[in-house]
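Down below is the structure, laid out as structure tokens.
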Amino acid sequence: MKEEDKELEILKAKRLAEMEKNLAQQNNQEEKETVLSNSDQNKLLPREQIIQKLGYRGLEVLSNAESQFPNETKLVEEKLAELIQSGEIDEVLDGGKLLTLFRSVGIRVRMENKINVEKDGKFVSISEKFVKQTDDSNFEEDEN
């Protein structure tokens, strides 16, 4: 019986050593992947790094800023990418936050505004509603 216990202890020790070896290999693999992903992120262009962090309507604001202020936007993109790389910015940048950022540094990015109103169960732009109202009022004046 004691011989069986010794054999069992030897088998347990071998199995434990094998499990520790596998765990060490797995940790090394994860570290390598982390280093590779960090180096891949460093290789990305600043714009691509920012796009990965953009949320709702963020890309729309970024595109408008690039088309309206290409030089200034490039500088902001580079600094923003540095902050993302360093980990100072780790949150999702939605359109509102990005627009506020641009405006805080003096870049007045213009966004297309569209106001819809409900008329007869349908949403129509407010400009169409005004055009129809003026057409109706012009028609009434002609009748008088």
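If I filter segment 60-82 down to residues being surrounded by 15 or more Cβ atoms within 10 Å (Cβ to Cβ) and hydrophobic (A, V, I, L, M, F, W, C), which single residue comes out as farthest from Val109 (Cα to Cα)?
Ala81
Test of understanding: among Leu54, Leu23, which residue is among the aliphatic types (A, V, I, L, M) and either at pLDDT 90 or above or touching a strand residue (DSSP E or B) at 6+ places or on another chain (Cβ under 8 Å) (or both)?
Leu54
What is the residue count in segment 98-111 for residues that are surrounded by 16 or more Cβ atoms within 10 Å (Cβ to Cβ) and closer than 17 Å to Ala81 by Cα?
Of the residues in segment 98-111, 4 are surrounded by 16 or more Cβ atoms within 10 Å (Cβ to Cβ) and closer than 17 Å to Ala81 by Cα.
Exactly one of (1) modelled with pLDDT under 85; (2) within 16 Å of Val92 (Cβ to Cβ) is unmet by Val35. Its number?
(2)
So which residues in segment 110-128 are in contact (Cβ under 8 Å) with a residue 12 or more places away in the chain and touching a Lys or Arg at 6+ places or on another chain (Cβ under 7 Å)?
Val117
Just name the residue that is farthest from Asp94 (Cα to Cα) out of those in segment 42-74 that are assigned to a helix (DSSP H, G or I) and charged (D, E, K, R).
Lys43
Before we move on, is Gln133 at pLDDT below 90 and either within 17 Å of the chain's Cα centre (by Cα) or of a type in the set (Phe, Trp, Tyr) (or both)?
It is false that Gln133 is at pLDDT below 90 and either within 17 Å of the chain's Cα centre (by Cα) or of a type in the set (Phe, Trp, Tyr) (or both).
The values are calculated or read from the model by the stated rules, or taken from the named source; none is laboratory data. Fair warning: this is a prediction, and the values are worked out from it, not measured in the lab. Positions of Cβ are generated from backbone atoms using ideal geometry, with glycine treated the same way; all protein chains shown enter the neighbour counts.
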